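Novice: The structure is given below, and queries will be raised subsequently.
The values are calculated or read from the model by the stated rules, or taken from the named source; none is laboratory data. Keep in mind that this is a model prediction, so the values were computed, not measured. Counting neighbours? That spans all protein chains shown, and the Cβs are built from the backbone with ideal geometry, glycine included. When the accessible area is computed, the model is the full protein with side chains, heavy atoms only, and any ligands, DNA or RNA have been set aside. Shrake-Rupley method; radii C 1.70, N 1.55, O 1.52, S 1.80 Å.
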Amino acid sequence: MISGAENFTRKIPAYLDGLLPDEERLEFEAFVGSNPVFAQEFRRKEADYESVRRRIPNLPPEQAQLRQMEDETREIIQNLFKDPEAGPGDRIARWWRGLF
Amino acid sequence: MRKKDLFSLVQPLLPRFYSLGVALLPDDLQAQQLVVDAMTLCLLKNKDAWLTQEWDPEDRKGHVLERKQFMKTYVRHLTDLAAKRAAQLGPTLADGELIQAHPQFYRLDVRTRAVAWLRFQQGWTVDEVGRTLGLPRHEVVEKLHNLRFLMLGQAPQWMPMGDAVKA
């Protein structure tokens with residue numbers, strides 16, 4: 001037979017991974033709120049989770065890199081809209097439609 | 001959708017794509033190239049869909065949803081490409097500064113790194129991560145479970161560590 005605290009302890013990873021259905025999540029949060037010993041155990045696991053998050057790089061690009069990626073993206077989009085088979089009439093028609 | 005609309009759709013996402021690129025390939029130049037190559041692939045493969053899609057410049061809520069949708073398609077291409085590149089580049093990526101700064105993370109294989117970054121840095125749900133990367137739910141849960149142990153140094157002896165370049 002699994003005790004209440006043991007049952008909720010098993011649910012900590014699922015809670016932190018956002019896997020508990022709403023009803024169980026609320027039940028879990030109520031148990032954390034009403035049981036200081038379990039709350040301590042939960043905070044420890046939560047701190048572990050935060051520690052994992054901090055070890056995962058999340059580096060923004062430098063300004064120069066960002067500009068370069070933007071320029072290359074513009075070029076990719078420019079090429080995407082090019083139709084090698086289109087004649088000058090088609091291109092003018094498309095440009096005209098693009099104005100509206 | 002016009003050229004400038006398509007650019008407006010993807011431009012705000014570029015910093016995030018770069019961050020994921022660096023998480024998958026620990027070299028800033030390789031990551032930058034990866035972002036651009038995945039962009040080409042993503043836009044070309046879904047060319048007709050992007051060109052025919054409606055774009056209302058005033059609909060800010062719609063933009064958020066469309067960007068999320070674009071990101072999901074893009075991340076799949078980025079991860080597949082990164083897995084191939086990591087296998088090709090092999091040991092040349094093994095001793096960079098990033099690996100020294102995040103040794104536990106870069107010991108994970110490329111797909112597990114993608115799962116970790118999406119879940120922990122972007123707050124995506126397990127289901128969103130699974131659908132995006134084409135992984136069943138139980139595999140995402142297993143990867144999250146194992147990576148927590150591996151990154152906190154609590155892995156039991158039998159658990160495989162993987163290596164920095166394993167795809």
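Novice: So residue B:145 ticks every box in (1) modelled with pLDDT of 95 or more; (2) surrounded by fewer than 18 Cβ atoms within 10 Å (Cβ to Cβ) but one. Which box is left unticked?
Specialist: Just one mismatch for residue B:145, condition (1).
Novice: Among all residue pairs at least 6 apart or on different chains, which show Cβ distances below 7 Å where the first residue, located in the stretch B:57-72, is on the phi < 0 side of the Ramachandran plot and the second is surrounded by fewer than 16 Cβ atoms within 10 Å (Cβ to Cβ)?
Specialist: Close Cβ pairs satisfying both conditions: B:62/B:56; B:67/B:12.
Novice: Say whether the condition of being at pLDDT below 90, open to solvent by 70 Å² or more (accessible area, probe 1.4 Å) and within 14 Å of chain A (Cβ to nearest Cβ) is met by at least one residue in the stretch B:88-99. Step through it out loud before you land on a result.
Specialist: Narrowing the stretch B:88-99 to residues at pLDDT below 90: B:88-99.
Checking which are open to solvent by 70 Å² or more (accessible area, probe 1.4 Å) leaves us with B:88, B:91-92, B:95, B:97.
Filter again for within 14 Å of chain A (Cβ to nearest Cβ), leaving B:97.
Yes, the conditions are met somewhere in the stretch B:88-99.
Novice: Tell me which residues, restricted to the stretch B:37-52, are buried (at least 21 other Cβ atoms within 10 Å of the Cβ) and facing chain A (nearest Cβ under 7 Å).
Specialist: B:39, B:43, listed by residue number.
Novice: Could you look through the stretch A:54-75, keep only residues that are under 16 Å from residue B:99 (Cα atoms) and facing another protein chain (nearest Cβ under 7 Å), and pick out the one that is surrounded by the most Cβ atoms within 10 Å (Cβ to Cβ)?
Specialist: Result: A:56.
Novice: Are any residues in the stretch B:88-110 acidic (Asp, Glu) and in a helix (DSSP H, G or I), and if so, which ones?
Specialist: Matches in the stretch B:88-110: B:97 only.
Novice: Any idea which of (1) assigned to a helix (DSSP H, G or I); (2) under 25 Å from residue A:21 (Cβ atoms); (3) open to solvent by 10 Å² or more (accessible area, probe 1.4 Å) is the one residue B:80 doesn't satisfy?
Specialist: If we test residue B:80 against (1) assigned to a helix (DSSP H, G or I); (2) under 25 Å from residue A:21 (Cβ atoms); (3) open to solvent by 10 Å² or more (accessible area, probe 1.4 Å), just (2) comes out false.
Novice: Within the stretch B:1-27, track down each residue that is more than 7 Å from chain A (Cβ to nearest Cβ) and either closer than 10 Å to residue A:73 by Cβ or surrounded by fewer than 22 Cβ atoms within 10 Å (Cβ to Cβ) (or both). So that I can check it myself, show each step before the final result.
Specialist: Of the stretch B:1-27, the ones more than 7 Å from chain A (Cβ to nearest Cβ) are B:1, B:4-5, B:8-9, B:12-13, B:16-17, B:20-21, B:24-27.
Within the stretch B:1-27, B:1, B:4, B:5, B:8, B:9, B:12, B:13, B:16, B:17, B:27 meet the criteria.
Novice: Let me ask something else about it. In this structure, does residue B:68 turn out to be out of contact with any His (no Cβ under 6 Å at 6 or more places or on another chain) and within 11 Å of another protein chain (Cβ to nearest Cβ)? Show your work before the answer.
Specialist: Numbers: out of contact with any His (no Cβ under 6 Å at 6 or more places or on another chain): yes; within 11 Å of another protein chain (Cβ to nearest Cβ): no.
It is false that residue B:68 is out of contact with any His (no Cβ under 6 Å at 6 or more places or on another chain) and within 11 Å of another protein chain (Cβ to nearest Cβ).
Novice: Restricting to the stretch A:1-41, what's the tally of residues that are surrounded by 13 or more Cβ atoms within 10 Å (Cβ to Cβ), within 14 Å of chain B (Cβ to nearest Cβ) and in a helix (DSSP H, G or I)?
Specialist: Selection size over the stretch A:1-41: 7.
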